[in-house]
């Protein structure tokens, strides 16, 4: 039986999703065993799979491979100068390089999963349900809504410039930076035009950030309470185990 069909009828509260991803972030920084990071990455991949966004997730994750390779090299060679691992040794330490690279991979995976799984409107609802100011929730949600739009604008402008003979990936570093200004300036102008259109639309509809336009009626169900409880218990066990392991043993 398809997993997507099994979980298609499960509707989680937006607050549950936010708590799950915050819990995964906390676990990323509290765990200190190497095998924990692949486990957290697998859990994140399962969440993305249930959200039917695996292809987009893998496509975005592949783009970070060069960054991960650079991180592995830097942490393996220069870890002795790090603020986190002070050491008088100047030898190459592959263990630290692998550990920090896997941690970075987990952080990137969770971040991408959050963007793909949590929709902007769900984020706004969750922030409102957490009793945050409505102006803050609306502004953050509005910004997230237009990330994809600006990405599409950037891609369209870049392809248009390349079709006209502009070389963005050839030449010296200074030349490439100069050529990219021909892409960034139109993109900035498009962003300002979009912001002006949004402002005019809000004024025409007499939109007011001081009060919400709808009443939120969300209640946590049994599955929400179960997931939140499991996440809180897991974080608590992780903190106690890795910080008080010597005392307990």
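No value in this document is a laboratory result; all are computed from the given coordinates. Given the structure is predicted, the values throughout are model-derived calculations rather than measurements. Here the Cβ positions follow ideal geometry from the backbone for every residue, glycine too, while neighbour counts run over all protein chains shown.
Here the residues 245, 145, 15, 219, ranked from fewest to most Cβ neighbours within 10 Å of their Cβ, fall in the order 219, 245, 145, 15.
Whole angstrom only: what separates the Cα centroid of the range 154-210 from the Cα centroid of the range 24-77? What the calculation gives is 30 Å, centre to centre.
Once the Cα-Cα distance is subtracted from the 0.36 nm per residue extended length, the residue 244 to residue 147 segment shows a gain of 30.7 nm.
Taking 0.36 nm per residue of sequence separation and removing the Cα-Cα distance, the residue 173/residue 199 pair yields an extension gain of 5.6 nm.
So, in nm, how far is label residue 56 from label residue 182 when the simple model puts each one 7 Å beyond its Cα toward the Cβ? Output for this residue pair reads 3.2 nm.
Structural descriptor for the range 131-217: relative contact order 40 percent, calculated from alpha carbon pairs under 8 angstrom and at least 6 residues apart.
Here the residues 36, 26, ranked from fewest to most Cβ neighbours within 10 Å of their Cβ, fall in the order 26, 36. With neighbour counts taken as other beta-carbon atoms within 10 Å, the residues 240, 183 rank, fewest first, as 240, 183. Were the residues from residue 159 through residue 207 laid out at 0.36 nm apart, the gain over their Cα-Cα distance would be 13.6 nm. Read through the labelled values (1) 7, 29, 33, 21, 8, 2, 0; (2) 6, 20, 26, 26, 17, 5, 0; (3) 7, 29, 38, 21, 5, 0 and report the label of the one computed as P(r) over Cα pairs in 10 Å bins from 0, in percent from the structure. Step by step, P(r) over Cα pairs in 10 Å bins from 0, in percent for this structure corresponds to label (2). By the helix-only formula, in which each DSSP H run with n ≥ 4 contributes -39500 (n - 2.57) and the sum is divided by residues, the chain has a 222 nm mean residue ellipticity of -24500 deg cm²/dmol.
Where a ≥ b ≥ c are the square roots of the eigenvalues of the C-alpha gyration tensor, would you call the range 131-217 rounded, which needs a/c under 1.5, or, failing that, prolate if a/b is larger than b/c, or oblate? Verdict is prolate for the range 131-217. With each label modelled as a point 7 angstrom along the Cα→C-beta vector, the residue 11-residue 77 pair spans 5.4 nm. Contact order, relative form, for the chain: 28 percent (alpha carbon pairs under 8 Å, 6 or more residues apart, mean separation divided by residue count).
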